[in-house]
1. Checking Arg122 against (1) closer than 17 Å to Val174 by Cα; (2) among the charged types (D, E, K, R); (3) at pLDDT 90 or above, which test does it fail?
2. Give the residues of segment 95-117 that are surrounded by fewer than 16 Cβ atoms within 10 Å (Cβ to Cβ) and not in a loop (DSSP other than H, G, I, E, B), sorted by residue number.
3. Could you please let me know if Ser152 is more than 15 Å from the chain's Cα centre (by Cα), polar (S, T, N, Q) and modelled with pLDDT of 90 or more?
4. When only residues in segment 32-59 that are touching a helix residue (DSSP H, G or I) at 6+ places or on another chain (Cβ under 7 Å), of a type in the set (Val, Ile, Thr) and part of a helix (DSSP H, G or I) count, which is surrounded by the fewest Cβ atoms within 10 Å (Cβ to Cβ)?
Amino acid sequence: MNANAWMMNRMDRKPLETGPFPACPVSTVPADLREWVNESTLVDWVLEVVSDLDARLLRLPNWRDTRDPVPVPTMLSVLAYCYATGRYESDEIETLARTDETIRYLAANHFVTSMAIRRFRRVHRGLLRSSLLGLHQRAWLHHFGPGATDASVRRDEPAAGLDHRLAIAAEAMVQRAVLSDTMAMDL
């Protein structure tokens, strides 16, 4: 068994180590948030989360990279939606950007390539993780209600704090995308 196959098997069985975070189960949210919320609501959330980030980050220098063929907010919307719906591989996302109505809408008539996706993910990983965290928080509140906490819903596991667990789930999605691309390029 090669190392990439071993890593994918490991991700499904064990908690994923994510940088400075301790090992913690990432089963807090489903792989596809459409299990908890309908697609149109998820698209609205994606646009709101990205818009909020865009408004806060416009003050930073070099926020808008003119070398990117797709504007940062547009690519962030496409990737946040794709990762939140369990689509990780850049080649698959490139194809879906031409064929899937929802992803075409989020791409806003921009041609999304797998190479641009990988470059964007490397440069803007923190933004992508923040977007996914925002989506996870909204999905959690939508699914469990405003009073639900991590401890009240998941009594079978040690409480690590809801935001911490949702951040781990967001990072796991980004890592899964990186690993999917790595495995696809090994073929």
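1. With (1) closer than 17 Å to Val174 by Cα; (2) among the charged types (D, E, K, R); (3) at pLDDT 90 or above applied to Arg122, the lone miss is (3).
2. Of segment 95-117, the ones surrounded by fewer than 16 Cβ atoms within 10 Å (Cβ to Cβ) are 95, 98-99, 101, 105, 108-109, 111, 115.
Hits for segment 95-117 are Thr95, Arg98, Thr99, Glu101, Tyr105, Met115.
3. Values: more than 15 Å from the chain's Cα centre (by Cα): yes; polar (S, T, N, Q): yes; modelled with pLDDT of 90 or more: no.
No: the conditions fail for Ser152.
4. Val43
Every residue, every condition in (1) closer than 19 Å to Ile168 by Cβ; (2) at pLDDT 90 or above; (3) out of contact with any Gly (no Cβ under 9 Å at 6 or more places or on another chain), yes or no:
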residue	(1), (2), (3)
Tyr88	yes, yes, yes
Ile93	no, yes, yes
Ala97	no, yes, yes
Thr102	no, yes, yes
Met115	no, yes, yes
Ser130	yes, yes, yes
His143	yes, no, yes
Gly147	no, no, yes
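The values are calculated or read from the model by the stated rules, or taken from the named source; none is laboratory data. Predicted model only: the values in this text are computed from it and were never measured. Methodologically, a virtual Cβ is constructed for each residue, glycine included, from the backbone with ideal geometry; neighbour enumeration extends over all protein chains shown.
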